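Working notes, structure below.
The values are calculated or read from the model by the stated rules, or taken from the named source; none is laboratory data. Given the structure is predicted, the values throughout are model-derived calculations rather than measurements. Neighbour counts run over all protein chains shown; Cβ positions are idealised from the backbone, glycine included. The protein model used for the area step is the full one, side chains on, heavy atoms only, and it has no ligands, DNA or RNA in it. Shrake-Rupley method; radii C 1.70, N 1.55, O 1.52, S 1.80 Å.
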Amino acid sequence: MGKDKDVDGGEARDLGMGMPIQRRDFLQGTAIALMVTGCKGELTAEQATALAAQDQPGYYPPALTGMRGSHPGSFEDAHAVRDGENLTASPTDTGEAYDLVVVGGGISGLSAAHFYCAALGNNVRILVLDNHDDFGGHAKRNEFTLNGRMHLLNGGTMSIESPVPYSAVADGLMKTLGIHPEELAKACDEPNFFEEAGLGSAIFFDKATFGTDKLVKRPGASEDAVSNRQATAAFLAQTPLSKPVQEAILSFETGSVDYMAGKSSDQKKDALSRISYKDYLTNVAKLNPGVVPYYQRRTDGLWGCGIDAVSALDCWGSGLPGFEGLKLAPGSTPRMGYTPRGYAATGGSYYFHFPDGNASIARSLVRDLVPTAMPGSGVGSIVASRADYSKLDRPNQPVRIRLSSIVIRVANKGPAGRDGVQVLYRRGGKTFAVRARHCVLASWNMMIPYLCPELPADQKEALHYLVKTPLVYTSVALRNWQAFKKLGISGAHCPGGYHSEFRLNQPQHFGRYSSHGSPDEPILVHMTRTPAQPGLPEREQHKAGRMELLTTPFETFERNIRAQLAAALGEGGFDPVRDITAITVNRWPHGYAPENNSLIDPDEGLPLKKARARFGAITIANSDSGGGAYTDVAIDQAHRAVSELLT
Ligand SMILES: Cc1cc2nc3c(=O)[nH]c(=O)nc-3n(C[C@H](O)[C@H](O)[C@H](O)COP(=O)(O)OP(=O)(O)OC[C@H]3O[C@@H](n4cnc5c(N)ncnc54)[C@H](O)[C@@H]3O)c2cc1C
C-alpha cells in the first residue's frame, strides 16, 4: 500500500486510495453506449429498445457505487443542447403514440402519471422519460449488502417533512399509496437508538481552518439555563477557538441580549430579512469576527450555502442561536423562506423517513403505475422489495418508464398544440421521436427554454431565473462503528470540512428490512457536502458550486472522504484503509429547487407563475415550479400541471 498525499498538503499518510472498493461509475456511464454502438449498422427503434440496459438481466442501479446522482452519461447531451449543438436532426421515429409523455421520472413526474390515470382511467397510455439510469430523481435509493444484510440510505430526498402541512392533494396521494407517516413513525422509527447507546453529536475542528484537528463532543441540551451555560463553557474550553471567540460564542448562545432594542417584532423581522446571519453576528451583535468560521456552515444542510448568503430572519426560522433576547413573534412573513420555525404557527408536517428516504415513495408510485415492476403489495413490503427494471418499459402496458433517455426537444404540433406534441429524446447516442396528445415537463425547469425554444421571451427569462442548489449526499460503508462508540458520538458537524456533516445511519426495522447491528457490525455513514463559494450572492455561489461538482473526479471525493473521516475519528481507532468498504457519491449539481431568498429576490418573490405557464399541449411541473425543495411541493405541482392539461 503506497502513501497518499494529504488533502491539506500536510504530512503524507496512508488513506487506502488503492483499496479495492467498488467504483463502477465509469463503466456505468458508458455501458449503454457500448451496447448500442457495438452493433453493426443503423438500429431500428425496436432494436434500441430491445437492447436497452434496463431490460438486461441483473440490471439494478440502486446497488451501484462510485459516482451516482447525476452520474456520468446522464447529462452530457443536455449540456450539448445548451451549448448550441444540433442533436435533433434526423431522429428515428419509434412509431409510438401516447396520451401523455412525462419528462422526468422523479416524484413529480411519477405523480403526474398517477394523476393523469386517476383522471382519465387506466386505458390511457403514458410514457415517462428520465435521463438517469434509475427512476425517482432526487429520491434515489443507495443499497448495499454488508455481511449478507441489506443496508439502505437515501441518495437524495430523505424525509416526508415539510415546514408547511401537506396539502389535501399531496396527503391524499400518500394515503392512496398506503403511506400514513404518523402511523409509520410510531411503528418504525427508533430515534433514541444512538442516544441509548450513549452516543451524542460533536463538532470536528479541522487543521486547515482552526489550526489543529480536534473532535469535541457537544453537550446535551438542558432546560436549566445555569447548567446549560456551564456545559457550553466547558465545551468551548476544549475547542481550539481563542479565548475571546469562546467568550463571544458563550454570551451569544446562552445570553438573552436584545441586539435590536427599541424596534417592534415586525420591524426587527423586516430588518433581519435584509441582512445575512453573518452580518447579524458581526454588525448587529458586534461579535468578534473570529466567530464566523464556527457558524459559517450551519445553514449548509437547508440552504446549500453558508451564513453569508442566508438572511438572518431565515436563520432565526431555522433555529440558529442568538435571537432569544429579540423576543420575535412566532410565524412567517412574506419575506421569509421555508423554515420550520417560521411556520410553527401553521403546524408544519409530520417527520418520518423510510430507510431509503423518499425513494420508497417513488417506488410506491412505480408499483401503482407498473405493478409488475415492484413485487409485493402494501407499504410494509415496499422497502425490501427488489424492483424488476425489465418490466418498466414493456410494449402493450398502459404506463412505460424509459430510463437513460434524455429529452432534448418538445414541440407543439398544430396551433397551440391542438395536434399534440412531438418529443425528441436521446438514448445510447441516438435521437428518437415519439408523439403524444399531452406533455408534462416534470424536469428541471431551467432546461425548459432549451427544450421549447418557442416559449415567450419573458417566460424563458423567468425559467432561467430559477437556479437550483448543488449538493452532495455521500454514503460510506464501514466495516464496523467501533470508533464512533469509543468516541461516544454518532456524527459531527464539520465547519471547515470537505463534507460539512457526517452521521451514522439511523437503524430501522421496516417489514423484512432490519439494519440493526452491534458496534462490531457494518454500518453506513451519511455525509453532506455543499460546494458553495462564500462571498458571492446565493445563486452565483450555486452556479460556481455546480461547475465544481461537474469537474471533480470521484478520486478527489474519495481522497477527501478518507482524509476527513481519518482525521475526525482517528482518536477512536478509525483506520480508513481497513474500515471503509464502499463509497457512493450522490452528486446533485442541480439539487434543491430554488426558494425565495429575501437578500437577493424581489419583494414579490420568484417569478414562478410566469415560469410555469401552460404552453399549448405542454404544462410544467417539478418542485422547481412551486419554488420549494420539498416532496409535497413536487406532488402539488404535478397535480396542477395535469389539471391544466385537462381543463
Ligand atoms: C440531496 C437532496 C436532499 C433532499 N432532501 C429532501 C427531504 O428530506 N425532504 C423533502 O421533502 N425534499 C427533499 N429534497 C427536495 C427534492 O428535490 C424534492 O422533495 C423532490 O424529490 C423533487 O422531486 P421532483 O420530481 O420535483 O424533481 P427531481 O427529483 O429532480 O426529478 C426530476 C427528474 O427529471 C429528470 N430530468 C431533468 N431534465 C430531463 C430531461 N431533459 N429529460 C429527461 N429527464 C429529465 C431529472 O434528471 C430527474 O430525474 C432533497 C433534494 C436533494 C437534491
May I ask you to give the percent of accessible area on the chain that is carbon plus sulfur, with a probe radius of 1.4 Å?
-> 52
Cut-off 12 Å between beta-carbons: net charge of the residues surrounding Arg529, Lys and Arg +1, Asp and Glu -1 | -1
By its C-alpha gyration tensor, with a ≥ b ≥ c as the square roots of the eigenvalues, how is the stretch 196-236 shaped: rounded for a/c under 1.5, else prolate for a/b larger than b/c, else oblate?
-> oblate
Compare Tyr351, Tyr592, Tyr389 by solvent-accessible area with a 1.4 Å probe and give them largest first, with all protein chains kept in place.
-> Tyr351, Tyr592, Tyr389
Cα gyration tensor shape for the stretch 331-442, rounded if a/c is under 1.5, else prolate or oblate = oblate
Contour excess over end-to-end distance, with Cα ends at Asp388 and Thr551 and 0.36 nm allotted per residue | 55.4 nm
Other residues with Cβ under 10 Å from the Cβ of Phe432 give, with Lys and Arg +1 and Asp and Glu -1, a net charge of +2
Return one whole number: the accessible area per residue of the chain in Å², for a 1.4 Å probe.
-> 38
So how far apart, in nm, are the two label points at Asp258 and Asn123 if each is 7 Å from Cα heading toward Cβ?
-> 7.0
Residue order for Lys214, Lys207, Lys486 - accessible surface, 1.4 angstrom probe, largest first | Lys486, Lys207, Lys214
Between Ala168 and Asp93, what is the label-to-label distance in nm when each label sits 7 Å out along the Cα-to-Cβ direction?
-> 4.5
Extension gain Lys217-Arg512, at 0.36 nm per residue separation less the Cα-Cα distance, in nm?
-> 102.7 nm
Would you mind calculating the relative contact order of the chain from Cα pairs under 8 angstrom and at least 6 residues apart, reporting the percent as a whole number?
-> 23
What is the antiparallel percent of DSSP beta bridges lying wholly in the stretch 68-189, to the nearest 5?
-> 55
Any idea what angle helix 359-369 forms with the longest principal axis of the chain, computed on alpha-carbon atoms, 0 to 90 degrees, nearest 10?
-> 20
With a sphere of radius 15 Å drawn around the Cβ of Asn288, what net charge do the other residues whose Cβ falls strictly inside it have (Lys, Arg +1; Asp, Glu -1)?
-> 0
Report the label-to-label distance for Glu571 and Glu85 in nanometres (one decimal), using points 7 Å from each Cα along the Cα→Cβ vector.
-> 5.1
Within the chain, percent of DSSP bridges classed antiparallel, to nearest 5 = 65
Calculate, in nm to one decimal, what Lys543 and Ile600 gain on full extension: separation in residues at 0.36 nm each, minus their alpha carbon distance.
-> 19.0 nm
Could you give the radius of gyration (one decimal) and Dmax (whole number) of the Cα atoms in the chain, in Å?
-> 24.9, 79
Honestly the stretch 142-261 on the Cα gyration tensor test (a ≥ b ≥ c root eigenvalues; a/c under 1.5 rounded, otherwise a/b vs b/c for prolate or oblate) is just prolate
Given R₀ = 51 Å, FRET efficiency for Ala271-Asp419 by Cβ-Cβ distance, to 0.05?
-> 0.40
